[in-house]
Amino acid sequence: MKFSRKIIVGVSLSAIGLLWWGISYSQIVAASDLGLFDTVGCLFFRSAYCEGLVETAGDVGFPLYYHFITIWAGVFLLLIGAWRLTGLSNNPPDWFLPYRITFFRLIAVVVLILLWWEASKRAGPNLFADPGSTLQAAIEMFGEDRNRLRVAFFDSLRHYSTGFTLASLAGIPIGLIFGGFRVLGRTMEVFMNALMATPRVAFIPLIIVFLGLGFDAKVFVIFLGAVMPIMVNTYAGVRQSDGELVEMARSAGARRSQVFIRIMLPGALPFIVVGLRIGATIALINTVVAELYLGATGLGGLLQIYASTFRSANYLVVVLSLSLIGVVVTSFLRIIETRADRWRYSASE
């Protein structure tokens with residue numbers, strides 16, 4: 001049986017990790033009452049307990065500082081090599097196909113958590129909390145009598161959903177009109193590009209003057225951020241319509257509305273969905289910006305509070321809450337894209 005390079009490297013790294021860990025912590029085991037079992041956790045994680053052992057080992061001539069990433073890298077390469085060796089990567093079983101992406105995403109999550117753990121230990125708990133501290137902070141925040149996180153979450157969600165919905169309702173029709181009427185679109189194109197390139201933060205002083213610091217002002221900041229990519233992508237999608245197909249339909253007696261619904265709109269759907277995704281991302285960013293500049297409310301306000309008090313675990317809980325909103329909205333847009341593709345092909349038949 002021919003072993004792949006990944007298996008050989010994985011086994012080598014795993015062996016080096018075990019040897020490295022054994023040499024490093026054998027000094028601690030020999031110089032204290034601790035048993036080998038007490039240091040097994042240090043083989044896979046870098047915790048405060050392991051850091052304390054390293055510090056106490058300074059007096060006994062601690063020779064080599066073991067790094068847990070070594071064993072994880074070895075195991076990861078070993079699993080990939082074994083996966084390739086079985087042939088499942090080229091011919092996966094039918095039962096595995098629906099769960100393939102989920103499986104790889106779980107692997108990516110594990111890798112990200114390990115990198116997060118390592119970065120937190122290097123930066124220190126006051127600057128960057130580790131995953132365990134963040135989870136504990138999340139449990140404590142959700143267990144508060146007056147759940148400030150839940151209130152802020154739904155407050156931000158209300159700002160975000162209102163601004164993004166209004167941007168979608170305005171951006172898609174305007175983009176369709178500009179794309180359908182070429183002269184109007186080319187006339188307004190330079191103004192769209194100018195507004196697209198202007199930072200939305202530059203409008204905040206004017207927004208405060210006209211709308212104040214309340215709900216309307218926050219929604220308008222979010223609207224400004226999301227409407228332009230939706231409008232520009234919709235306009236570009238309509239302009240990319242098949243000109244020969246349009247002329248053929250017109251020569252066959254099709255009305256302008258039929259050409260628009262049957263040809264232009266289905267062809268523009270991929271561009272519209274891309275615009276919605278970009279707009280959703282920018283809208284979420286602008287939600288935080290609006291809540292920071294226009295009164296410290298919502299999740300943006302919590303970010304400001306926790307950052308100023310160096311509560312990094314609570315800060316990361318808020319960041320993950322914002323990420324959750326982004327993941328849910330993106331997944332919802334993907335469902336819309338799938339259904340829109342079905343309508344797109346059926347409409348163009």
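Summary table below
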read-out	value
Computed E for S161/W116 - FRET, C-beta separation, R0 25 angstrom, nearest 0.05	0.30
Qualifying trypsin sites (Lys or Arg not before Pro) for segment 126-190 [loop in DSSP, other Cβ within 10 Å: at most 15]	R146
Segment V190-T102, extension gain: residue separation times 0.36 nm, minus the distance between their alpha carbons	27.4 nm
List K121, K218, ordered by accessible area with a 1.4 Å probe, largest first	K121, K218
Accessible area (Å², 1.4 Å probe, nearest 10) - F142	120 Å²
Difference of contour (0.36 nm per residue) and Cα-Cα distance, V209 to V40	54.7 nm
H67 accessible area, 1.4 Å probe, all protein chains in place, Å² to nearest 10	40 Å²
S312 accessible area, assembled protein chains, probe 1.4 Å, Å²	10 Å²
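The values are calculated or read from the model by the stated rules, or taken from the named source; none is laboratory data. On a predicted model such as this, the values are computed, not experimentally measured, just so you know. Note that we place each Cβ from the backbone using ideal geometry, even for glycine, and neighbour counts take in every protein chain shown. These accessible areas exclude ligands, DNA and RNA; they are computed on the full protein's heavy atoms, side chains included. Shrake-Rupley method; radii C 1.70, N 1.55, O 1.52, S 1.80 Å.
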